[in-house]
Structure formats: C-alpha cells, structure tokens
Amino acid sequence: MSTAASSRSELHSQQQQQQRQQRDEPMSPGTLSSKTIRSLNRHAQRQLAEEQRLAMLENFDMEVEDKIRSMRTQLDVDKMDLRLKAECEIAQLPKCVRDMPLKTFIHEYGGDVAAAVRGMLRIEGEESSVLASLPEAPLAIRMRRKKAALNQVK
C-alpha cells in the first residue's frame, strides 16, 4: 500500500473512532443531540397543536353560547310581537263577542263574528237586508277607523 492510501485509511479510522466516542460519551449539560432536538420539536408541535385545538373548541363553545343567547332573545321578541298582534285582533272584536266563552263562540256560531253578534242581539232569524249585509266586526271597526282618519285629514 502506498503512503497516501495508508494515511487516508488512518484518517478515516480516526474519524470513525471520534464519532463512536461522541455517541458513547455522556453529553455535557446544556448540549442536546440532533435526535433530542427533533424529538423536542415534534413534542412542541404536538403541544402547540393540542393548545390550538383546545382554543378552537373553546372559541366554538363561546360562539354557540352567543348564538343560543341571541336566538332566545329573538324568541322572546317574537313571542311578545305575537302576543301583541293577538291582543289587537281580540280588541277589534265587539265587546259582546269578547265576553262570550270561546266554546260557545266556536260551537254555536262556528267562529263567525257576524253570526255571534246577530245571536247576541237576538236577531238571528230576521231577513233584513241590513242584517244580511252586516260585515264581520273587525272589518267594520277598521272601516270606521279609516273613515275617522280621512275626516281628520280634511
């Protein structure tokens, strides 16, 4: 073997020996191997991913609670609106019909306001042209209000 070849093989064996020593030697405090660093990076990434997942879940829970709260508020507004509309419709009925039991109104008069008014006035059987053209009370009330509004404008 030539001197150059023997010096190369000697250099190569020295490098291998140093690498073995570095692997086998205990590491000094404060130095980390690349394998340890990669392991820590993966752990940190998993930890960060877990924290992000928990933050997303917490954010989702808050959004759902906010949506439920807003829907309940809208439900309360809608209930109040419906109640007011029902009260307005009932207020437009003649007093004699409002005071009548609901069961009587439905069974005896079939829910017909004009028939209930005629029945309460005891003129159900008469064939007067005025009584035949008697409109339902809510419409009559609306017409009166419309006329009154027109008279106020003039």
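What follows is calculated from the coordinates using simple rules that are stated; it is not laboratory data. Computed from a predicted model, the values in this text were never measured in an experiment. Cβ atoms come from the backbone with ideal geometry, glycine included; neighbour counts cover every protein chain shown.
Points worth noting:
- Total formal charge among the other residues, if their Cβ is under 13 angstrom from that of Asn59, Lys/Arg +1 and Asp/Glu -1: -4
- Simple spin-label estimate for Gln47 and Glu63 in nanometres, 7 Å along Cα-Cβ: 2.8 nm
- Highest to lowest packing among 106-114, 38-46, scored as the average C-beta count within 10 Å: 106-114, 38-46
- Full-stretch length increase - Lys103, Met56 - with 0.36 nm per residue and alpha-carbon distance subtracted: 11.3 nm
- Nearest-0.05 FRET efficiency for Ser39 and Arg72, computed from C-beta distance (R0 41 Å): 0.25
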